[in-house]
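> I'd like to ask some things about the structure below.
Bear in mind these aren't lab numbers, they're just calculated from the coordinates by the rules spelled out. All figures in this text were calculated on a predicted structure; none of them were measured in a lab. Here the Cβ positions follow ideal geometry from the backbone for every residue, glycine too, while neighbour counts run over all protein chains shown.
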Amino acid sequence: VRHPLAKTESATPEEQAIVVRDLLSAGGVVAVKLAQMLAEDPKVPLNYRRLLGKLREDNEPMTAAEVWRAIPPVMRKRIEALGPCLGVGSVKQVHRAKFADGKQYAMAVLRSNVEDEALASLMALEASDELGIVAKRLSRLVFGEFYLFGEGEALAEFAQTTIGKHPRFRVVKVIHHSPKLLVEEIADGPTLAQVLGSV
């Protein structure tokens, strides 16, 4: 393994965790999802969970041209300007966008080549007798995120629940949802992760 911290057997637990994080990060979307699963497992050492959890924030953003190509052509006609990137995940990327109605919304698109990359990784895992079970669990996580229409449906349904209607909550409105594009109202302010981190 060619990694700056893997050259010595005297690596500290923190350095070992960094090696694991970097290897998973280089493994593509399926490996990143595996890392996120491990980051939420209380049996995994805390230093590993902290580093693996940061993989949510370490994804390389697509260019504006790649994002534009990922938008279905019929929806491009409704967009006046593509704004800055609001967030980059292992599966999708979110941008601020100004639409023809003059309003700005948060627009999520699937990352380029993410489906082919996930299929290749999962098929390789399924070929292993030892890792086949893990592949099935990962495929549910990964492919579930590929379906942005379902994500939009779930958000709209949550808005109608008792929690969604609670006065302390404000669920963002879904403007458009299709398999590869999700458009929502913009929720300005700190993310939930930032709020929980400051508690």
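> Any idea what diffusion coefficient region 138-179 gets from Stokes-Einstein, in µm²/s, Kirkwood Rh on alpha carbon pairs, 10 °C, 1.306 mPa s?
For the chosen part, D equals 141 µm²/s.
> Next question, about the same structure. On a full-extension model of 0.36 nm per residue, what is the gain between Thr12 and Lys173, subtracting their alpha-carbon distance, rounded to one decimal in nm?
Length difference between fully extended and current span is 53.3 nm.
> Can I ask one more? On a 19 Å Cα-Cα criterion, which of the cross-link pairs Lys92/Lys165; Lys77/Lys103; Lys33/Lys92; Lys43/Lys92; Lys98/Lys173 come out too long? Show your work: numbers first, answer last.
Values: Lys92/Lys165 28 Å; Lys77/Lys103 15 Å; Lys33/Lys92 13 Å; Lys43/Lys92 29 Å; Lys98/Lys173 16 Å.
Beyond 19 Å: Lys92/Lys165; Lys43/Lys92.
> Test of understanding: what is the full-extension gain from Ile186 to Ala100, defined as 0.36 nm times their sequence separation minus their Cα-Cα distance?
29.4 nm
> Give me the Kirkwood hydrodynamic radius of region 84-199, using the inverse of the mean 1/r over all pairs of distinct Cα atoms, in Å to one decimal.
16.3 Å
> Round to the nearest 0.05 the FRET efficiency obtained for Ala64 and Ile133 when R0 = 25 Å and r is the Cβ-Cβ distance.
Working from the Cβ atoms, E equals 0.05.
> Let me ask something else. Mind checking the full-extension length gain between Gln160 and Leu119? Use 0.36 nm per residue of separation minus the Cα-Cα distance, one decimal, nm.
Taking Gln160 through Leu119 to full extension adds about 11.3 nm, to one decimal.
> Between region 91-118 and region 32-46, what's the alpha-carbon centroid distance in Å?
27 Å
> So, one more: Determine by what factor the alpha-carbon radius of gyration of region 74-149 differs from 2.2 N^0.38 Å, reporting the quotient.
With N residues counted in region 74-149, Rg over 2.2 N^0.38 Å equals 1.46.
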